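Asker: There's a structure below that I have some questions on.
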Amino acid sequence: MNLIIIGPSGSGKGTQAKKIAKKYKLTHFSTGQLIRGHIKKKTALGKKAEKYIKTGNWVPTEILFKVLFPELKNNFILDGTPRYLKQCGLLDKYLEKHHQKIDAVIYLFITTKELFRRRKFYGDKFQDASRTDNSDELFRKRLRAGQRTMSPIIKYYRKQGKLIKIDGNRPIEPIFKDICTALSSLS
């Protein structure tokens, strides 16, 4: 089973992806963590990516996929990609070439009000501590960018019949239960 989890920054994608990966024995690919690993190791790709991240921008598709594709094997959950409609098609072409496909896309819908409530409540523990782009200003910038690009991605996967919309405004366990219920229909 190959899955994608999408939603705004801070919606709980990483938390849910880890739980899904454990339950269904999938490899969890957080593109943000993969990129940050390259930055920490000071690889050529990491140095290029860091320039974008420091300004609160997303890493360009070319760099992102050069980091992700060598790692991508069957039975995975992708967290943090795709961010643009163009990436959906490129990902599909890559997977098709390797006799794979995306089985489902989990969309965590969450209100902006809830995102900021979580951010205030959890403080420094709100997102991955290795992030260098977690200031209020850069967080707002990521949210605005996500809002602009998410709609076409949602339409793309809805049209394919792969979209599973989950209410992400609730605690972790009810969200996870709803995800598992929806995924049970894939088996």
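Asker: In the stretch 9-24, is there at least one residue being under 21 Å from Ile172 (Cα atoms) and free of Cβ contacts under 8 Å to residues at least 24 places away in the same chain? Give the derivation first.
Answerer: Pass one, the stretch 9-24, residues under 21 Å from Ile172 (Cα atoms): 9-24.
The next check asks that each one be free of Cβ contacts under 8 Å to residues at least 24 places away in the same chain; those that pass are 18, 22.
Among the residues of the stretch 9-24, at least one is under 21 Å from Ile172 (Cα atoms) and free of Cβ contacts under 8 Å to residues at least 24 places away in the same chain, which makes the answer yes.
Asker: Of all residues in the stretch 91-108 being farther than 15 Å from Leu26 by Cβ and either of a type outside the set (A, V, I, L, M) or surrounded by fewer than 18 Cβ atoms within 10 Å (Cβ to Cβ) (or both), which is nearest to the chain's Cα centre (by Cα)? Don't jump to the end; show me each part of the working.
Answerer: Step one: list which residues in the stretch 91-108 are farther than 15 Å from Leu26 by Cβ, which gives 91-94, 96-99, 107-108.
Adding the requirement that they be either of a type outside the set (A, V, I, L, M) or surrounded by fewer than 18 Cβ atoms within 10 Å (Cβ to Cβ) (or both) leaves 92-94, 96-99, 107.
Numbers: Asp92: 16, Lys93: 19, Tyr94: 18, Glu96: 20, Lys97: 22, His98: 21, His99: 22, Tyr107: 10 Å.
Checked the stretch 91-108; the qualifying residue nearest to the chain's Cα centre (by Cα) is Tyr107.
Asker: Show me the helices (runs of 4 or more DSSP H) found entirely inside the stretch 1-86 where at least 3 residues are farther than 26 Å from Gln147 by Cβ.
Answerer: Because the criterion is at least 3 residues that are farther than 26 Å from Gln147 by Cβ, the helices (runs of 4 or more DSSP H) in the stretch 1-86 that meet it are 13-24, 31-40, 44-53.
Asker: Counting only residues that are under 25 Å from Phe116 (Cβ atoms) and either in contact with a Ser or Thr (Cβ under 8 Å, 6 or more places away or on another chain) or in contact (Cβ under 8 Å) with a residue 60 or more places away in the chain (or both), how many does the stretch 165-185 have?
Answerer: Total satisfying the criteria: 7.
Asker: Where residues in the stretch 109-155 are surrounded by 12 or more Cβ atoms within 10 Å (Cβ to Cβ), acidic (Asp, Glu) and at pLDDT below 85, which of them is nearest to Lys54 (Cα to Cα)?
Answerer: Asp133
Asker: How many of the residues making up the stretch 7-26 are at pLDDT 95 or above and either over 17 Å from Ala104 (Cβ atoms) or not aromatic (Phe, Trp, Tyr) (or both)?
Answerer: Looking only at that region, the number is 10.
Asker: Could you count how many residues in the stretch 164-183 are surrounded by fewer than 17 Cβ atoms within 10 Å (Cβ to Cβ), of a type outside the set (A, V, I, L, M) and under 16 Å from Leu3 (Cβ atoms)?
Answerer: 3
The values are calculated or read from the model by the stated rules, or taken from the named source; none is laboratory data. The shown structure was predicted, so the numbers you read here are calculated from the model rather than taken from an experiment. Note: ideal-geometry Cβ built from the backbone for every residue, glycine included; neighbour counts use all protein chains shown.
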